[in-house]
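Participant: Handing you this structure, nothing more for now.
The values are calculated or read from the model by the stated rules, or taken from the named source; none is laboratory data. Just so it is clear, the structure is predicted and the values come from calculations on it, not from any experiment. Positions of Cβ are generated from backbone atoms using ideal geometry, with glycine treated the same way; all protein chains shown enter the neighbour counts. Surface areas here come from the heavy atoms of the whole protein model, side chains and all, with no ligands, DNA or RNA. Shrake-Rupley method; radii C 1.70, N 1.55, O 1.52, S 1.80 Å.
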Amino acid sequence: MNAPTTITLDSSAARKGRGWRMTLWLLLALGLLLALGAFEAIDHVEPALLQVSVNGAPFVTDLNLAALPPADKVVLTIGLALVLLLAMFVTLGGVAVALVALVPIVLLAIALPVLVATMLLLVLLSPLLLLAWLLWRAVRPAPRRATTMPA
């Protein structure tokens, strides 16, 4: 009838994704630790001398983050984390755009003149190269030729 199918498990396939998973878990743990640290650091911020007035009436006289309720501190911490994450991506995008703009400029400013100079040098030295090749052909011994024809 039908032969049974054997399935073998390759342990190297499981190991390939293990490093990435461990890295992601480590980054998640570090992010949580940083968020908890930021949440605790909010309690130790000194009140800022700030006065916000709307139509002449004082709206906020001082900004005391330590006096905020815990829910507001959590929202503030999450907002700061999102702003920092967005700043990181904007910075990486700016670096990528700068590299994309600089690579053609460097190629046009350096590689193109070197290529043109090389081509010009080869064209100017081509008679010497041809003469050297002809001298080499004249000086080397001629290959032996068979005097009889093969049967």
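Participant: Students often check this: by mean Cβ neighbours within 10 Å, which of 109-122, 75-88 ranks highest, and how do the rest follow?
Facilitator: In descending order of packing, they fall as 75-88, 109-122.
Participant: Then there is this: When the Kirkwood hydrodynamic radius is evaluated over all pairs of different C-alpha atoms of the chain, what value in angstrom, to one decimal, is obtained?
Facilitator: 25.8 Å
Participant: Sort 35-45, 130-140 for me by packing, meaning the mean count of neighbouring Cβ atoms within 10 Å per residue, highest on top.
Facilitator: 35-45, 130-140
Participant: Follow-up question, since we're still on this one. Quick one: length gained pulling Phe39 to Arg144 fully straight, 0.36 nm per residue minus the C-alpha distance?
Facilitator: Roughly 28.7 nm would be gained on extension.
Participant: In the chain, if the dipole is taken from +1 on Lys/Arg beta carbons and -1 on Asp/Glu beta carbons about the Cα centre, which of Leu68, Leu99, Leu34 is farthest to the positive end?
Facilitator: So the residue furthest toward the plus end is Leu99.
Participant: Separate question: For a distance above 15 Å, tell me the whole-number percent of Cα pairs in segment 63-130 that qualify.
Facilitator: Tail fraction, whole percent: 74.
Participant: For every helix of n ≥ 4 consecutive DSSP H residues, a contribution of -39,500 (n - 2.57) applies; sum these over the chain, divide by its total residues, and give [θ] at 222 nm rounded to the nearest 500 deg cm²/dmol.
Facilitator: -23500 deg cm²/dmol
Participant: Something else: So how strong a dipole does the chain carry about its Cα centre when Lys and Arg Cβ are +1 and Asp and Glu Cβ are -1, to the nearest 20 debye?
Facilitator: Using only the charged Cβ atoms, the result is roughly 1780 debye.
Participant: In the chain, what percent of the accessible surface is made up of carbon and sulfur (1.4 Å probe, ligands and nucleic acids excluded)?
Facilitator: 76 percent
Participant: On to the next question. As I understand it, the value is the acute angle between the Cα axis of helix 11-42 and the longest principal axis of the Cα atoms of the chain; what does it come to in degrees, rounded to 10?
Facilitator: 40 degrees
Participant: Give me the number: length gained by fully extending Val74 to Val60, i.e. 0.36 nm times residue separation minus the C-alpha to C-alpha distance, one decimal in nm.
Facilitator: 3.0 nm
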